[in-house]
Amino acid sequence: MSISILWFRRDLRLTDNPALLAAVEASDEVLPVFVRDPVLLTRGGRRVDRLEASLAALSADTGGALVVRTGDPADVITGLAAEVDAREVHVARESTPYGRRRDERVRAGLRRDGRSLVETGSPYAVGPGRIVNRTGEPYKVFTPFARAWREHGWPAPGERPAAVAWATATSDTATSDTEPSGSAGPGGGGGAGEKAALARWRDFLRDDLASYADQRDRPDLDTTSRLSAHLKYGEIHPRTILADLAAHPEALGEGARVFTSELAWREFYADILWHWPRSAWRDLRGALAGMPYDDGPEVDLLVEAWRQGLTGYPFVDAGMRQLRAEGWMHNRVRMVTASFLVKDLHVWWPVGARFFLDQLVDGDIASNSHGWQWVAGTGTDASPYFRVFNPITQGRKFDPDGEYVRRWIPELAHLAGAAAHEPWRAPDGYRHGYPERVVDHAEERMEALRRYDLARNGTG
């Protein structure tokens, strides 16, 4: 009996899993494996709990066959392959800087034993690095990338194998039988695992796709897909989503077009990271390398106020409190809170990006870091220095009745309607202890523009 190993990473599902199909085709039995990598676990923040919930679901889907071991993957995978005499280890191609380095070490270890690492598919509809312009260069601007991405197209989703002969081996760490506390909440998109992901996606298609274009920026409404965590762990594949969109009665509607564009942004940022690995924590655009940022004890206090949701700007604070409570934040609010840190407090974006990764259950290095750079103006956008989000007008526009603010800031529950966005205008706005504004937005906006102008002209 021949055995192949299926090494799960960011593909914790059995449907539309090309690596699984390749493993089934290559051998009589398939050993499903997940490696708890200490390098990733120590940096994982709240994602670790969410991962455990997903692993528990995957273990159940494999009838308890999932093998979970802890350690350096280069040691664990090569050792396990020798233990069960697997000639091939099947994976989805990795695109993050750490993942690529890790896989090369695993590949080298397997090769020394006469075994091979077989890559099939990726976590994306189009694998990072595959879309280039007519001169063979990667795209740095979203719109032409998205056009080329659509024109490139993607395969149809793969079928779920009718039956898999799962091999067995012992785990050195058990998977939890129950989901960790909070994993089934909004941040987790209604639960963990493939079944939960597909159920959430069906609900969105039925209830919210048609209105998505109009309502996607409203954090007071629960009308987004909440698929970000499911996509992060590969509980659903983008190809499945794109195929369902194409077959939907609203396929030609604005909601489907805009939702597809959001998927394209995810793929764009993964592509950027593939071509420029240093952009994970360094500015993609060198033009603003001289931008001055603030630091020191006083700034540390301001950053902590931002982290705790105590800046005195209700829309910002509501978002930061939601982040700490749920491990998730609405995308519009992510942009506003990020802008506040970078352009009102003048703090370098990696400070905020690292905090987000610590807190977000859907934290993804490509989307997170490049989203922050988009806000900071140091990433993929060509004219960033005019974009300074006003936390007051953003709140009034996208939370017009103040429902989102009151949901997360009980100190402002007594202020009706849009008044919740400006407690300083109400005679009793601070009655319940809500803090006053830590900075003046109008002044800091002008300061941000001044710094951008200096950096742009090389005088910063």
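Answer yes or no: is there a residue in the stretch 426-433 that is in contact (Cβ under 8 Å) with a residue 60 or more places away in the chain and either within 29 Å of ASP222 (Cβ to Cβ) or surrounded by fewer than 18 Cβ atoms within 10 Å (Cβ to Cβ) (or both). No, because not a single residue in the stretch 426-433 is in contact (Cβ under 8 Å) with a residue 60 or more places away in the chain and either within 29 Å of ASP222 (Cβ to Cβ) or surrounded by fewer than 18 Cβ atoms within 10 Å (Cβ to Cβ) (or both).
Residue by residue, here is whether (1) closer than 22 Å to LEU51 by Cβ; (2) among the charged types (D, E, K, R) holds:
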residue	(1), (2)
ILE77	yes, no
VAL91	yes, no
GLY109	no, no
GLU137	no, yes
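For the stretch 25-56, residues that are more than 20 Å from the chain's Cα centre (by Cα), more than 17 Å from VAL84 (Cβ to Cβ) and among the hydrophobic types (A, V, I, L, M, F, W, C) total 1. Among the criteria (1) over 26 Å from ALA353 (Cα atoms); (2) among the hydrophobic types (A, V, I, L, M, F, W, C); (3) crowded, with 24+ Cβ neighbours inside 10 Å, the one LEU12 does not fulfil is (1). Would you check if there is a residue in the stretch 327-343 being more than 19 Å from HIS370 (Cα to Cα) and of a type in the set (D, E, K, R)? Within the stretch 327-343, none of the residues are more than 19 Å from HIS370 (Cα to Cα) and of a type in the set (D, E, K, R). Each residue in the stretch 286-310 was checked for being more than 20 Å from THR337 (Cβ to Cβ), surrounded by fewer than 18 Cβ atoms within 10 Å (Cβ to Cβ) and touching a residue at least 40 places away in the same chain (Cβ under 8 Å), and 4 of them qualify. For ALA325, the conditions (1) under 18 Å from GLU443 (Cβ atoms); (2) surrounded by fewer than 21 Cβ atoms within 10 Å (Cβ to Cβ) are fulfilled apart from (1). Under the condition of being assigned to a loop (DSSP other than H, G, I, E, B), touching a Leu at 6+ places or on another chain (Cβ under 9 Å) and of a type in the set (A, V, I, L, M), the residues counted in the stretch 399-413 number 0.
Condition check ((1) over 21 Å from the mean Cα position of the chain (by Cα); (2) at pLDDT 95 or above) across all residues:
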| residue | (1), (2) |
| --- | --- |
| HIS248 | yes, yes |
| THR260 | no, yes |
| ALA270 | no, yes |
| ASP283 | no, no |
| GLY286 | yes, no |
| ASP300 | yes, yes |
| GLU304 | yes, yes |
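When the stretch 365-421 is filtered for residues that are modelled with pLDDT under 95 and among the β-branched types (Val, Ile, Thr), the ones remaining, listed by number, are VAL375, THR378, THR380, VAL388.
Counting only residues that are part of a helix (DSSP H, G or I) and either crowded, with 19+ Cβ neighbours inside 10 Å or in contact (Cβ under 8 Å) with a residue 24 or more places away in the chain (or both), the stretch 188-213 holds 12 of them.
Checking the condition on the phi > 0 side of the Ramachandran plot and at pLDDT below 95, which residue from GLY71, GLY45 passes? Outline the logic, then answer.
Working: GLY71 fails: at pLDDT below 95.
It is GLY45.
Residues in the stretch 327-376 that are β-branched (Val, Ile, Thr), under 21 Å from GLU267 (Cα atoms) and not in a helix (DSSP H, G or I): VAL361 only. For the stretch 44-57, the count of residues that are farther than 22 Å from ALA192 by Cβ and free of Cβ contacts under 8 Å to residues at least 60 places away in the same chain is zero. Condition test on ALA318, is it outside the structural domain of LYS140 (by TED's automatic domain parsing), in a helix (DSSP H, G or I) and either touching a strand residue (DSSP E or B) at 6+ places or on another chain (Cβ under 9 Å) or hydrophobic (A, V, I, L, M, F, W, C) (or both)? Yes: the conditions hold for ALA318.
Conditions tested, residue by residue: (1) of a type in the set (Gly, Ala, Ser); (2) under 20 Å from the mean Cα position of the chain (by Cα); (3) surrounded by fewer than 20 Cβ atoms within 10 Å (Cβ to Cβ).
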site	(1), (2), (3)
VAL67	no, no, no
VAL84	no, no, yes
GLY121	yes, yes, no
ALA125	yes, yes, no
VAL132	no, no, yes
THR135	no, no, yes
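Between ALA448, ALA420, the distinction of being in contact with a Leu (Cβ under 8 Å, 6 or more places away or on another chain) and part of a helix (DSSP H, G or I) belongs to ALA420 only.
The values are calculated or read from the model by the stated rules, or taken from the named source; none is laboratory data. Everything numeric in this text was worked out from a predicted model, so none of it was measured. A quick note on method: Cβ atoms are made from the backbone with ideal geometry, for glycine too, and the neighbour counts reach across all protein chains shown.
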